[in-house]
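The structure appears below as structure tokens.
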Amino acid sequence: MKKIKLIHLTALLAFFIGTTAFAQNNPDKKEVKSFALLELFTSEGCSSCPPADELMGKIQSEYKDNNLYVLAYHVDYWDKQGWKDIFSNPDYTQRQYEYAKFLGKEPIYTPQVIVNGKSEYIASQEPVVRNAIKSALSKPAVADLKLEASEINNSLSVKYAVEGASKNSRLLIAVVQKAAKSNVKRGENAHRILSHYQIVHHLHTVNLNKDRSGIAIVHLPKDFNTKDWEVIGFVQDRNDGIILGANKAAFQEPSL
């Protein structure tokens, strides 16, 4: 009986050693952490948007740095309805149209949230949005993204390295203001002070067809500082819009 136990123990040990060696020799097999990227399309001119803005801020505060990232794009198609959103940008409207094609969901609307580029929801419906987050966080990321940022001459130098991206992928780097308030004087939200969260001020694109690592020089808003702003990067497949991985940039102190 003792011999049998010894043989079983030896076999188990050999199996463990072999498995460990395989994992070490096959780094591509490691599982990348899960993530949830919430892309909100909103506007100060939309009376249905403030509850969605508040929900995104609430969720961001709850998860903090636990692999959940919120990006709020202020679209411009509400700007002719009585109030021009001070954060609006036609590029973000175009991005929403791109998602409409990817997902086959037209017409576009606000407030809409896209989760990991795979599914869309009415952004003010809290139970639905939270279930989508749980689903996203239950699956490992495809791509591993590392970002380091530093300020150089009123620009941002972002060092990036991507592993596991598809051939048709791109890296997008968002310069984000964490919070702001706006006094809306006209339109559907007239006479209201609105709170905004995770406002995208600039979205920079890097093609990953050749180099999966490098340095991107990104434009900085004049009021940028590392306390009230952050930089979020994510890798997206150009063919279907799916987000493969996301991360927040770590800031490096400028060298003297």
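The values are calculated or read from the model by the stated rules, or taken from the named source; none is laboratory data. Just so it is clear, the model here is predicted, and its values are computed rather than measured. Don't worry about glycine lacking a Cβ; one is built from the backbone with ideal geometry, like all the others, and counts go over all protein chains shown. Quick note on the areas: whole protein, heavy atoms, side chains included, nothing else; ligands and nucleic acids left out. Shrake-Rupley method; radii C 1.70, N 1.55, O 1.52, S 1.80 Å.
For the range 225-241, the residues whose backbone nitrogen is under 20 Å from a point 7 Å from the Cα of S195, taken along Cα to Cβ, are 227-230. Give the shape of the range 96-145 as rounded, prolate or oblate, defined through the alpha-carbon gyration tensor: a ≥ b ≥ c are the square roots of its eigenvalues, a/c under 1.5 means rounded, and otherwise the shape is prolate if a/b is larger than b/c and oblate if not. Because a/c hits 1.5 or more and a/b fails to exceed b/c, the range 96-145 counts as oblate. Full extension of the segment from T205 to D91, taken as 0.36 nm per residue of separation minus the current Cα-Cα distance, would add 39.8 nm.
Can you tell me the 0 to 90 degree angle between the C-alpha axis of helix 49-63 and the longest principal axis of the chain, rounded to 10? It is inclined by approximately 30 degrees. When the chain is treated as a GNM, springs tying every alpha-carbon pair under 10 Å, which of G45, G233, G82 comes out with the largest mean-square fluctuation? Among G45, G233, G82, the largest GNM mean-square fluctuation belongs to G82.
Residues of the range 217-247 with an amide N closer than 17 Å to a point placed 7 Å from the Cα of N168 along the Cα-to-Cβ direction: 235-245. Close amide-amide hydrogen proximity is noted between H202 and V175, each under 5 Å apart and 5 or more residues distant or on a separate chain (H modeled in the peptide plane; Pro and chain starts excluded). Around the amide H of V70, modelled in the peptide plane, lie the amide H atoms of L38, all under 5 Å away and 5 or more residues distant in sequence or on another chain. Over the chain, accessible surface divided per residue gives 56 Å², non-protein components excluded, 1.4 Å probe. Between L156, L244, L40, the GNM of the chain built on Cα springs shorter than 10 angstrom shows L156 fluctuating the most. The calculated FRET efficiency for the pair E54 and S119, based on their C-beta separation and a Förster distance of 25 Å, comes to about 0.70.
Computing Rg/Rh (Cα atoms, Kirkwood Rh) for the structure here picks out one of [x] 1.06; [y] 1.09; [z] 0.96, namely [y]. The average projected area of the range 81-217, computed from the convex hull of its Cα atoms over all directions, is 10.5 nm². With the simple model of a label 7 Å out from the Cα in the direction of the Cβ, E151 to R238 spans 3.4 nm. Taking the chain as the reference, fit the longest principal axis to its C-alpha atoms, fit the long axis of helix 90-103 to the helix C-alpha atoms, and give the angle between the two in degrees, 0 to 90, nearest 10. Compared with the principal axis, the helix lies near 50 degrees.
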